[in-house]
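Taking it in order: structure first as structure tokens, then the write-up.
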Amino acid sequence: MDYTKLYINGEWIESNSKEFIEVENPANREIIGKVPRANKADVDYAVRSAREAFETWQYTDLSTRISLVERLIEELYKRADELAAMIVKELGRGMDFALNMHTLPFIKDGENYVRIVKEYEFEKDMGDHLLRMEPVGVVAALTPWNYPLGQVTKKVIPALLTGNTIILKPSQNTPLVTYILADAIDKLGFPKGVFNLVTGTGAEVGNMLVEHEDVDMVTFTGSTKTGREVAQRTMKTIKRLTLELGGKSPSVILKGADLELALKKTLDTVYNNTGQTCSALTRLLVPEDEKEKIEEMVIRITKEYPFGDPALSPKNIGPVVSERQFLKVKSYIEKGIEEGARLIYGEVPQDYEKGYYIKPVVFSDVKNDMTIAREEIFGPVLCIIPYKDKEEAIRIANDTEYGLSSAVFGPEDEAREVANRIKAGNVIVNKGLFTRNAPFGGFKQSGLGREGGIFGVEEFLEPKAIFVYNK
Ligand code: NAD
């Protein structure tokens with residue numbers, strides 16, 4: 001496949017800039033491709049194409065849109081191994097993770113959106129008015145690198161199903177997998193301009209899209225810092241805005257919890273994507289008098305995670321995504337030591353000549369006002385924070401600028417009571433599992449709006465009231 005072009009108005013075209021951005025395999029630092037560094041002329045063309053396409057796409061029969069998206073999903077299933085193989089290369093995940101964590105669940109998610117839209121009432125009689133849910137218009141989607149396919153399909157599929165047109169700007173770290181998606185869309189014969197892929201940097205293409213007068217909606221997933229900037233720029237022209245941002249999520253262990261279950265579920269979120277998961281439960285709140293026992297268990301379970309080169313085993317977790325991320329995580333580990341947290345497992349990573357590998361790091365006796373407990377590290381770093389009683393645990397859990405995810409483990413009734421008091425978009429209680437019909441998104445500075453289920457569909461719809469005179 002040719003990665004040196006942009007996909008605009010139903011065609012693969014060269015960028016006006018003639019400049020490129022190299023894409024690196026973080027597991028061995030090889031350059032695996034280059035994508036265009038799009039410029040203003042490219043962005044303007046993409047927005048124009050999406051605008052023209054919207055004029056007709058919004059009025060196509062729902063059944064036409066559903067049938068195209070169903071064929072797209074079928075195609076993505078057929079190409080699942082190819083998609084996952086690309087995620088192995090550009091994100092550095094082992095094949096098992098790339099397929100079962102990054103690819104198949106998100107295609108399934110797409111099927112769920114189709115099911116929801118099939119049942120959704122786009123127009124209903126509310127008694128005193130008619131309510132029509134209409135597409136917002138031209139959508140700019142800005143996505144991060146940590147789930148290179150999933151964060152994209154969560155936006156593209158519901159946006160297209162609901163009659164919007166879209167311009168996707170994927171992360172410059174992991175754009176290649178989106179070329180496979182664009183290739184599938186191209187081959188299936190979606191009307192031209194309905195989906196456009198424009199690669200480039202956030203500071204350039206991202207900003208141009210966000211500020212573009214002819215873009216109606218921005219759906220952004222990324223860091224809170226960038227999200228804040230995106231929000232300010234978006235508001236210059238009062239666009240519809242969805243922000244899916246960072247987290248520093250607590251996992252609260254109550255007395256009487258099933259510790260094996262609690263620690264395995266918590267550590268899975270912290271380690272399985274090398275800590276690069278927005279909803280990772282990186283603050284582990286433990287009863288003070290059970291701290292030592294829990295520390296020993298954490299160390300034992302941590303040793304079971306297969307960190308290492310994804311080329312050597314499909315089960316290997318792999319490195320962090322880039323030099324920038326490596327240096328960022330390293331500096332947080334150093335900061336934790338400097339601030340007096342007790343390093344009970346792991347070490348400061350040093351060398352990244354052969355890839356950006358960081359082994360798990362566990363700190364204990366972390367105070368909730370330390371930098372490592374407040375800021376999103378986005379690496380395999382766990383903070384164990386002891387607490388005295390349940391009230392203190394709840395206070396610490398909520399003492400954060402974020403509110404994305406959380407978990408509570410303990411006697412069921414007590415855990416439910418604590419769950420109700422945590423200010424976060426989702427709470428896992430004991431054996432509870434996240435489901436794709438549930439809303440996903442954050443309280444506080446973790447974002448605005450939700451993805452997933454019916455909430456993820458309605459993000460792309462504008463309510464319109466129609467008043468008709470009935471005697
Ligand atoms: P990022 O904020 O650096 O970038 C996200 C996207 O925005 C990229 O496409 C980037 O090119 C673009 N961008 C960067 N600067 C921009 C600007 N000034 N204007 C417009 N666009 C700009 O985030 P990242 O490092 O790619 O991803 C990691 C972050 O994403 C973490 O903070 C993580 O918590 C968050 N995240 C959140 C969710 C969620 O659902 N809440 C999911 C995944 C990741």
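The values are calculated or read from the model by the stated rules, or taken from the named source; none is laboratory data. Quantities reported herein were computed from a predicted structural model and do not represent experimental measurements. Using ideal geometry, Cβ is built from the backbone for each residue, glycine included, and neighbour counts are taken over all protein chains shown.
A few points about this structure:
- E70 vs. criteria crowded, with 23+ Cβ neighbours inside 10 Å, within 26 Å of the chain's Cα centre (by Cα) and touching a residue at least 40 places away in the same chain (Cβ under 8 Å): no
- If you check T282, T234 for being assigned by TED's automatic domain parsing to the domain that holds D96 and within 13 Å of the ligand (Cβ to nearest atom), only one passes: T234.
- Residues that are within 16 Å of F106 (Cα to Cα), within 12 Å of the ligand (Cβ to nearest atom) and at pLDDT 95 or above do occur in the stretch 455-464.
- Selection within the stretch 154-200 - free of Cβ contacts under 8 Å to residues at least 60 places away in the same chain and among the hydroxyl-bearing types (S, T, Y): S171, T178
- Scanning the stretch 334-358 for residues that are surrounded by fewer than 17 Cβ atoms within 10 Å (Cβ to Cβ), in a loop (DSSP other than H, G, I, E, B) and out of contact with any strand residue (DSSP E or B) (no Cβ under 9 Å at 6 or more places or on another chain) yields E339, G340, Q350, D351, E353, K354.
- Count of the stretch 206-231 residues which are surrounded by fewer than 22 Cβ atoms within 10 Å (Cβ to Cβ), more than 8 Å from the ligand (Cβ to nearest atom) and part of a helix (DSSP H, G or I): 3
- The condition of being without any contact (Cβ under 8 Å) to a residue 60 or more places away in the chain, within 16 Å of the ligand (Cβ to nearest atom) and surrounded by 15 or more Cβ atoms within 10 Å (Cβ to Cβ) holds for only one of G441, G425, G379, G452, that being G425.
- Selection from the stretch 136-151 of residues that are over 20 Å from D216 (Cα atoms), assigned to a loop (DSSP other than H, G, I, E, B) and either touching a Phe, Trp or Tyr at 6+ places or on another chain (Cβ under 8 Å) or not assigned by TED's automatic domain parsing to the domain that holds R51 (or both): N146, Y147, L149
- Number of the condition not met by F434 [criteria: (1) within 16 Å of the ligand (Cβ to nearest atom); (2) in contact with a helix residue (DSSP H, G or I) (Cβ under 8 Å, 6 or more places away or on another chain)]: (2)
- So V117, is it of a type outside the set (S, T, N, Q), in contact with a helix residue (DSSP H, G or I) (Cβ under 6 Å, 6 or more places away or on another chain) and not in a helix (DSSP H, G or I): no
- Here the stretch 382-400 is the region considered, the condition is being in a loop (DSSP other than H, G, I, E, B) and free of Cβ contacts under 8 Å to residues at least 60 places away in the same chain, and the residue that is nearest to I333 (Cα to Cα) is D399.
- Enumeration of residues in the stretch 413-455 that are of a type outside the set (D, E) and assigned to a helix (DSSP H, G or I): A415, R416, V418, A419, N420, R421, K444, Q445, S446, G453, I454, F455
- Within the stretch 225-242, residues that are in contact (Cβ under 8 Å) with a residue 40 or more places away in the chain and closer than 18 Å to V205 by Cβ sit with their Cβ atoms under 6 Å from residues that are more than 7 Å from the ligand (Cβ to nearest atom) and not in a helix (DSSP H, G or I), at 6+ positions apart or across chains, in these pairs: G227/L243; L241/V218.
- Residues located in the stretch 159-197, provided they are under 15 Å from A140 (Cβ atoms) and either away from the ligand (no atom under 11 Å from the Cβ) or part of a helix (DSSP H, G or I) (or both): A159, L160, N164, T165, I166, I167, T178, G193, V194, F195, N196, L197
- Matching residues in the stretch 255-279 - criterion: being more than 16 Å from the ligand (Cβ to nearest atom) and surrounded by fewer than 22 Cβ atoms within 10 Å (Cβ to Cβ): K255, G256, D258, L259, E260, L261, K264, K265, D268
- Taking the stretch 101-123 as the range and being in contact (Cβ under 8 Å) with a residue 60 or more places away in the chain and β-branched (V, I, T) as the test, the residues that pass are I116, V117.
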